[in-house]
There are 2 protein chains.
Amino acid sequence: MALVVQKYGGSSVADAEGVKRVARRIAATRRAGHDVVVVVSAMGDTTDDLIDLAKKVTPLPPARELDMLLTSGERISMAVLAMAIHNLGLEARSFTGSQAGVITDSAHGRARIIDVAPGRIRTALDSGAIAIVAGFQGVSQDTKDITTLGRGGSDTTAVALAAALKADVCEIYTDVDGVYTADPRIVPTARKIDRISSEEMLEMAANGAKILMLRCVEYARNYDLPIHVRSSFSQHEGTWVTDGPVPAISTPQSSQEATVEQPIISGVAHDRSEAKITVVGVPDTPGTAAQIFEAVAAAEVNIDMIVQNVSAAATARTDVSFTLPKAEGETAVAALERVKAAIGFERLEYDDQIGKLSLVGVGMRSHPGVSATFFKALGERRINMEMISTSEIRISVVTRAEELDDAVRAVHTAFQLDGESEATVYGGTGR
Amino acid sequence: MALVVQKYGGSSVADAEGVKRVARRIAATRRAGHDVVVVVSAMGDTTDDLIDLAKKVTPLPPARELDMLLTSGERISMAVLAMAIHNLGLEARSFTGSQAGVITDSAHGRARIIDVAPGRIRTALDSGAIAIVAGFQGVSQDTKDITTLGRGGSDTTAVALAAALKADVCEIYTDVDGVYTADPRIVPTARKIDRISSEEMLEMAANGAKILMLRCVEYARNYDLPIHVRSSFSQHEGTWVTDGPVPAISTPQSSQEATVEQPIISGVAHDRSEAKITVVGVPDTPGTAAQIFEAVAAAEVNIDMIVQNVSAAATARTDVSFTLPKAEGETAVAALERVKAAIGFERLEYDDQIGKLSLVGVGMRSHPGVSATFFKALGERRINMEMISTSEIRISVVTRAEELDDAVRAVHTAFQLDGESEATVYGGTGR
């Protein structure tokens, strides 16, 4: 008997039929003898509908009240899910984030979990009940106000609860069968990954793979918690994210054998959400680059890749390029314009027509030929690499936005990641 | 400067426009210098929609989960209302029943308030904010589960909070201009009552007037709290329910002078929700009536009027009739059938085609002619009275259901309650 935490996204509980389908899956897991804690997102478009309602009364909803409003979405889904499980003859009790002991800071709309005190969840489990917990929400330690965790918050709730309860596994149910070697919408022959290390999953998530949010993978890694990403629309085995052995948990839908050998490459991630800023004609003197990035950091802009060109000897000036989220582009440009005179650069170039491709795999460490194969694949397709950055287990390049899909397919094929059949995609994504 | 508690029903906040209209009214009260606490119901049909959703997953939703589900309705309305007030440049903070300190027993769906500990509301007021509180809900003392108060729950929340905060007035906003001398849908010339004693209001509420729930009037009476029932759709002065002087609170919409003389009769209430059970052929021996009503009480059926006929001397048998809510009719009949042999009565007659009319007024105490006028009015219209019951300030009769409207009009006219113009009715009713 194991303790299983399951998280279901909004697309899995989009309507009453979806709720009943999920209830049957939860009941089957409970009947297999496991303790079950379920974290659930708001049903389907509920969150968007609530935001629309707020916008009807004010253009700028105060963050505290927006959190109060949005958390009603999970309140609905968790209560209805508990009812549906009841209807299958099992005891289920729903809990708000606050009741489940999810303690956060006071940053409304993007709160961070400070502590998890799941006493009531434990009591419910001990009495034989299934605990249903509202994802995405908590209560602030200082003000006791209701908070939301921001994007991907329900995944984080699930992983944090699983860690606090010392669960055997955290199952993240979504609308695809697991983590793929590339986005199946771009690479139809992408294969589902059976198992991936947390380090690789972190690189995938940080570089554009949307299936798991970065902070949720970080959390699981810190607590050595195995995550099983799988589809709520099928009975297929999903993707295990774990550094240890795959847990031998017998659930009705799961009977995974441990993968014996780790492949060299796990997959290809891509990202269209970044822009590039080039600072042209920067005096090539010590400390100038630091001034540039201090100005950007002071504006709370997150930068990703950085490239400094070789100085043109005749002018003693150079160009510095970096990438950043498009959403922060305006802020960064404004911050740099303010220090233009002090730094003495010539001008700024802003380019939001870029794409980023990342190849991820722990096998890179011991296989020196990887980068050669990677660059050859792009060169053969005449795809220009504007920036390059690497980590021990990742190579990322920036390309023109319109060449990104082609680049992803080229690299995916070059590393023999293509499967024999086309991947199945079910619908939207939850929060 | 006064402390004003305002309650707005679901029809007052049926959509975004309604929320904005209510927000303007609240803001005007705050800007007049008063501390304002607002209790709000769920928007429009939200509660019905949520119940429909629950019924889609189970025919019998567990009470705890139904409460969790339904309370999301007020969570939405209170957050949106707080946002709308914010948009008018005033600080507003929303609180769930639990956060507002509404402590109840554990009877899900019909919880009773045990205690109100409004510490957070007081803090919000002290900081200059308007406090918005979810009506209809609380948290159970023992299990810390979310509860709902049942029908009229938001009114009870408002009155209980007003009492705990020692508010100067509790304003109950609804979709009619106040309490009327009769239901304006039956008596178009019914007049709005300017002022009514709590005792009379109790009798009106207990005998079918739906504008205020009985328990809310009881609560206000126990705490000597003036209630002002008024419309959120107009600026008219409403009805004051108070035994003391009408408070001199200068709100933008209110400048009532105290009524000098109390009228003899306040109004006519009617009720179509009852049925009549007649136990035929009851042995006329001491203790038999007690056996009948013990059996009914054991089935938790609430009975209202009781009539025992004079015994027919020849048979030493009599008939006992009583009225009860139609909803409890089946239960009562079953309970009586079970004791039929033990008591030895002949048969049961069940009649749900009855109506009840009640004339209410404190002036009855000192005006002995009231009952004569009352019976004469009905007699002239040839309306048969099947049962009669009286209190010090009330006369009630049971008539055929189809004669009830006619009876209400006859009595209303006989006591010269008719006004000069027709009453205004705005819409549905909130919870």
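The values are calculated or read from the model by the stated rules, or taken from the named source; none is laboratory data. Remember, predicted model here, so these are calculated numbers, not experimental data. As a convention, Cβ positions derive from the backbone with ideal geometry for all residues, glycine included, and neighbour counts pool all protein chains shown. The area values use the complete protein model at the heavy-atom level, side chains included, leaving out ligands, DNA and RNA. Shrake-Rupley method; radii C 1.70, N 1.55, O 1.52, S 1.80 Å.
In the stretch B:37-46 there is at least one residue that is surrounded by fewer than 23 Cβ atoms within 10 Å (Cβ to Cβ), in a helix (DSSP H, G or I) and within 12 Å of chain A (Cβ to nearest Cβ). If you take the residues of the stretch A:365-390 that are open to solvent by 40 Å² or more (accessible area, probe 1.4 Å) and assigned to a strand (DSSP E or B), which of them is modelled with the lowest pLDDT? Filtering the stretch A:365-390 for residues that are open to solvent by 40 Å² or more (accessible area, probe 1.4 Å) and assigned to a strand (DSSP E or B), the one modelled with the lowest pLDDT comes out as A:Thr390.
Residues in the stretch A:32-63 that are in contact (Cβ under 8 Å) with a residue 60 or more places away in the chain and not polar (S, T, N, Q): A:Ala32, A:His34, A:Asp35, A:Val36, A:Val37, A:Val38, A:Val39, A:Val40, A:Ala42. Candidates B:Ala32, B:Ala23: the one that is closer than 29 Å to B:Pro247 by Cβ, more than 9 Å from chain A (Cβ to nearest Cβ) and of a type in the set (A, V, I, L, M, F, W, C) is B:Ala32.
Just one of (1) touching a Lys or Arg at 6+ places or on another chain (Cβ under 9 Å); (2) open to solvent by less than 40 Å² (accessible area, probe 1.4 Å); (3) at pLDDT 85 or above fails for A:Gln253. It is (3). Return a yes/no flag: does the stretch B:412-424 have any residue that is at pLDDT 90 or above, crowded, with 18+ Cβ neighbours inside 10 Å and farther than 28 Å from B:Phe233 by Cβ. The answer is yes; a qualifying residue exists.
Determine, yes or no, whether B:Ala92 is touching a residue at least 12 places away in the same chain (Cβ under 8 Å), hydrophobic (A, V, I, L, M, F, W, C) and over 18 Å from B:Ala131 (Cα atoms). No. What are the residues in the stretch A:121-147 that are part of a helix (DSSP H, G or I) and buried (at least 19 other Cβ atoms within 10 Å of the Cβ), if any? Of everything in the stretch A:121-147, those that are part of a helix (DSSP H, G or I) and buried (at least 19 other Cβ atoms within 10 Å of the Cβ) turn out to be A:Ile121, A:Ala124. Of everything listed in (1) under 19 Å from B:Pro61 (Cβ atoms); (2) within 7 Å of another protein chain (Cβ to nearest Cβ), the single unmet condition for A:Met68 is (1). Pairs linking a residue in the stretch B:160-178 that is under 13 Å from B:Gln235 (Cα atoms) to a residue that is among the hydrophobic types (A, V, I, L, M, F, W, C) and buried (at least 22 other Cβ atoms within 10 Å of the Cβ), with Cβ atoms under 6 Å and 6 or more positions apart or on different chains, are B:Gly178/B:Val229.
Considering only residues in the stretch A:79-102 that are more than 7 Å from every other protein chain (Cβ to nearest Cβ) and assigned to a helix (DSSP H, G or I), the one that is surrounded by the fewest Cβ atoms within 10 Å (Cβ to Cβ) turns out to be A:Leu81.
Given (1) in contact with a strand residue (DSSP E or B) (Cβ under 7 Å, 6 or more places away or on another chain); (2) more than 7 Å from every other protein chain (Cβ to nearest Cβ), identify the lone condition not met by A:Ala63. Among (1) in contact with a strand residue (DSSP E or B) (Cβ under 7 Å, 6 or more places away or on another chain); (2) more than 7 Å from every other protein chain (Cβ to nearest Cβ), the lone unmet condition for A:Ala63 is (1).
The number of residues in the stretch A:53-78 being under 25 Å from the mean Cα position of the chain (by Cα) and either among the charged types (D, E, K, R) or not in a helix (DSSP H, G or I) (or both) comes to 4.
Filtering B:Ala2, B:Ala54, B:Ala23 for residues that are open to solvent by less than 20 Å² (accessible area, probe 1.4 Å) and within 30 Å of B:Asp142 (Cα to Cα) leaves a single hit, B:Ala54.
Residue-by-condition table, conditions (1) touching a residue at least 12 places away in the same chain (Cβ under 8 Å); (2) under 28 Å from A:Thr413 (Cβ atoms):
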{"residue": "A:Ala297", "(1), (2)": "no, no"}
{"residue": "A:Asp304", "(1), (2)": "yes, yes"}
{"residue": "A:Arg317", "(1), (2)": "yes, no"}
{"residue": "A:Thr323", "(1), (2)": "yes, yes"}
{"residue": "A:Lys326", "(1), (2)": "yes, no"}
{"residue": "A:Ala335", "(1), (2)": "yes, no"}
{"residue": "A:Ile343", "(1), (2)": "yes, no"}
{"residue": "A:His367", "(1), (2)": "yes, yes"}
{"residue": "A:Arg381", "(1), (2)": "yes, yes"}
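Out of A:Ala32, A:Ala14, report the one residue that is surrounded by fewer than 24 Cβ atoms within 10 Å (Cβ to Cβ) and touching a Gly at 6+ places or on another chain (Cβ under 9 Å). A:Ala14 is the lone residue from the list that is surrounded by fewer than 24 Cβ atoms within 10 Å (Cβ to Cβ) and touching a Gly at 6+ places or on another chain (Cβ under 9 Å). Among residues that are loosely packed, with under 13 Cβ neighbours inside 10 Å, on the phi < 0 side of the Ramachandran plot and within 29 Å of the chain's Cα centre (by Cα), A:Ser358 is not included. Does A:Arg272 meet the test of being open to solvent by 20 Å² or more (accessible area, probe 1.4 Å) and at pLDDT 90 or above? Spelling it out, A:Arg272 is indeed open to solvent by 20 Å² or more (accessible area, probe 1.4 Å) and at pLDDT 90 or above. Flag: A:Val116 matches the condition of being touching a helix residue (DSSP H, G or I) at 6+ places or on another chain (Cβ under 6 Å) and open to solvent by 10 Å² or more (accessible area, probe 1.4 Å). Of the candidates B:Ala79, B:Ala27, the single residue that is in contact with a strand residue (DSSP E or B) (Cβ under 6 Å, 6 or more places away or on another chain) and of a type in the set (A, V, I, L, M, F, W, C) is B:Ala79.
Inspect the stretch A:196-206 for any residue being farther than 21 Å from A:Gly267 by Cβ, assigned to a helix (DSSP H, G or I) and open to solvent by 10 Å² or more (accessible area, probe 1.4 Å) and give the result as yes or no. Scanning the stretch A:196-206, I find no residue that is farther than 21 Å from A:Gly267 by Cβ, assigned to a helix (DSSP H, G or I) and open to solvent by 10 Å² or more (accessible area, probe 1.4 Å), so the answer is no.
Scanning the stretch A:57-74 for residues that are open to solvent by 10 Å² or more (accessible area, probe 1.4 Å) and closer than 16 Å to A:Phe136 by Cβ yields A:Ala63, A:Arg64, A:Leu66, A:Leu70. In the set (1) within 25 Å of the chain's Cα centre (by Cα); (2) away from chain B (no Cβ under 12 Å), the condition left unmet by A:Ile121 is number (1). Residues in the stretch A:343-355 that are touching a helix residue (DSSP H, G or I) at 6+ places or on another chain (Cβ under 7 Å) and either open to solvent by less than 40 Å² (accessible area, probe 1.4 Å) or over 29 Å from A:Asn384 (Cβ atoms) (or both): A:Ile343, A:Leu348, A:Ile354, A:Gly355.
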